[in-house]
1. Using a 1.4 Å probe on the protein chains only, how many percent of the accessible area of the range 205-271 belongs to carbon and sulfur?
2. Between Ser234 and Asp565, how high is the FRET efficiency from 1/(1 + (r/R0)^6) when r is the Cβ-Cβ distance and R₀ = 60 Å? Nearest 0.05.
3. At q = 0.18 Å⁻¹, what is the log10 ratio I(q)/I(0) for the range 136-204, with the Debye formula run over Cα points and no solvent?
4. At a temperature of 25 °C and a viscosity of 0.890 mPa s, determine how fast the range 456-576 diffuses translationally according to Stokes-Einstein, using the Kirkwood radius over alpha-carbon pairs as Rh; express D in µm²/s, rounded to the nearest whole number.
5. Given the pairs Lys467/Lys568; Lys32/Lys578; Lys493/Lys568; Lys311/Lys578; Lys311/Lys493, which are separated by over 31 angstrom at their Cα positions?
6. Along Cα→Cβ, 7 Å out, is where each label goes; now give me the distance between the ones at Thr102 and Asp53 in nm to one decimal.
7. Which shape class applies to the range 191-310: rounded if a/c is under 1.5, otherwise prolate when a/b exceeds b/c and oblate if not, where a ≥ b ≥ c are the square roots of the Cα gyration tensor eigenvalues?
8. Once Rh is set to the Kirkwood radius over Cα pairs, what Stokes-Einstein translational diffusion coefficient, in µm²/s, holds for the range 386-534 at a temperature of 37 °C and a viscosity of 0.692 mPa s?
Amino acid sequence: MRHLAVMALVTLALAVTESAGVNCPRQIVFEKSLQTLGNTRTMNMIAGDIDLDGDIDVFVPNYIGSSSLWLNDGHGTFSLSPQSFPLLEVHGAAIADFNGDTRPDIFVLSHASPSRIFFGNADGSFTMGSQQIGIGTYYPGTIVVGDVENDGDPDAFISYYTLPNRLWLNDGNGEFTITGTLYGDGSGNDMELADYNGDNFIDLFITFADRPDEIWLNNGFGDFINSGQTLGNSSGYENSACGDVDGDGDVDLAVANSVDGAKVFLNQNNSGLFVDATPYFEAGTPKIEFLDADADGDLDLVTAHRTNGAKLWVNDGSTNFAQVSQFVSAWAQSIACADLDGDTDPDLVLGVVENSGGNPIFFNRSVDTCHSSVTDVDGNVYGTITIGTQVWMAENLKVTHYRNSEAIPDVTDPTAWANLSTGASCAYDNDAGLVATYGRLYNWHAVADSRNIAPLGWHVATDADWKLLEIFLGMSQTQADSTGWRGTVEGGKLKETETTHWVSPNVAATNETEFSGLPGGYRYEGGAYDGIGLHGVFWTSSEISSGFAWTRGLGHVYSGIHRFDGLKVDGFSVRCVKNASCCDGFRGNANGDPDDKVNISDVSFLVSYLFGIPTGPAPSCPEEGNANGDPDEKTNVSDLTYLIAYLFAEGPGPARCPGISVN
């Protein structure tokens, strides 16, 4: 259970983002914890599993006062470790296993004394190493670690305020030797170690305060050669971050400049050559960090400004960053992003300037509004997916009772099936073991039964529902209105990928909508079964004639979607769609006019809805003609009273339609 007692439920961001194929909105929300991790000048917050218990702890390097280690209980509540780190004026730190004993060690940079490594012990304590690494008055600024020589141990790059950046090589036992190469001339600020050119050796990016930034490429022998490429301006103190911003598999860069602001540079085809991806934004911000705040697969940014505070900038997938929140107004001198509460999404801890209320924690409480679930009358739970403006079941229906709990007959005998004029269902080939994967097959009489086979608040997809989906996926209106196999790749976007359930070749299957269409086969009017693995056929609730209704089909050798007239006695799969809001807009305003005033068009809209005439901008409900929920589904005075009361916000009872709230 999450420790809610330590959190102030403060919503800091609200945004809508989209993921490819399904137009999936996500509500971005961060909540501020009541707990803070110290209250002193913290230059470089470090997050990692320091006690090896599977959660993320935080080391707080303090420039004023003692540095501290905060241990996580696994749910985002931290306790202060009694461990002492007796170095003053600590400016930076790094966590890695420096001596090869599999336990994390902490490399601490000090301005008041030589830097030291604190080696982790088996009991969770730390022992300060004897080696004095550099001189404190050289003023080490930042440290990055990585296996420069590919010899299996982490080496260290350190920047200094008065000297060039230097590389310290690890002997594998946590003893370091400085190399002779000088990187820069004393104005280096921050660094990033990553393989920028795809040769499996980590390279070096250095930011400078008085000249453009530089890329140094690893020569494969434990040293680096200046590539000659420079990035950005030369106007101020800079902090950097690296990660795959555009999702192409290589490492990109972000820089925060204390004068010009933030900028992103994109790596070109893993070549180590970078181009500007953004103009400078948030002028004057000297701190920056990557995180995927909205879980959409691309990296977002947190920036920290001396006077504007820390802000979240969300990437739209095309390296266009838009601000969606401000975390704190104080100057955050360090930013650490990690999953602090064990729910898999990235949280945030900021090291703010002293006397600013303490170093705050922000938990990511962003809500996935695209994926959800619905439960039918039997208790079966189905995953759901938002596709465009619709919410679809992502699984085939398997219910065995109508909504009023009366049984849907399970008819196995082929002759009995062929002669039905009432609702029935079956498992493919009468094999109950297939239902969990493929759902059940239903005749159209079950689909059309007034007792309803869909879960409450849902309906069996109509022909119009399918057309709306198909047009969203790329069909024209003309294609959607036609019959036979239509479209190009729209069916592929709906089909489950691979050949676990589909027979090869499963043409064009991408399942980018997450509809996860399956080849559940069908039952002929004579009662025989066919097509499992080859075809998925779905009823619509839309009738054509006394003997036929509209269907949709997906095929293993087809990339489009089939629309045809199915015999009502056939057995097909069923997908349901969540009911749309019948009366969109604010209470007192049914038709969605922006002026929010009751007028004749509102009354007209509600009367049209009542009598089953879909008009206006709001979608109509599938159970038109009955607003108040009477089981007889007949229009009567109480229906009209209900709608008038809704319009004038008086409220006779619970709303039938999603989106109406009368109280």
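The values are calculated or read from the model by the stated rules, or taken from the named source; none is laboratory data. None of the values given here were measured: they were computed from a predicted structure. Note: ideal-geometry Cβ built from the backbone for every residue, glycine included; neighbour counts use all protein chains shown. In case anyone asks, the SASA skips ligands and DNA or RNA and just uses the protein heavy atoms, side chains included. Shrake-Rupley method; radii C 1.70, N 1.55, O 1.52, S 1.80 Å.
1. Details: 1110 of 2270 Å².
About 49 percent, which is the carbon plus sulfur part of the accessible surface.
2. The value I calculate is 0.25.
3. -0.68
4. Details: Rh = 14.3 Å.
Reported coefficient: 171 µm²/s.
5. In this structure, Lys32/Lys578; Lys311/Lys578; Lys311/Lys493 lie more than 31 Å apart at Cα.
6. A separation of 1.9 nm, rounded to one decimal place.
7. Oblate, because a/c is 1.5 or more while a/b does not exceed b/c.
8. Using the Kirkwood radius from Cα pairs, D works out to 197 µm²/s.
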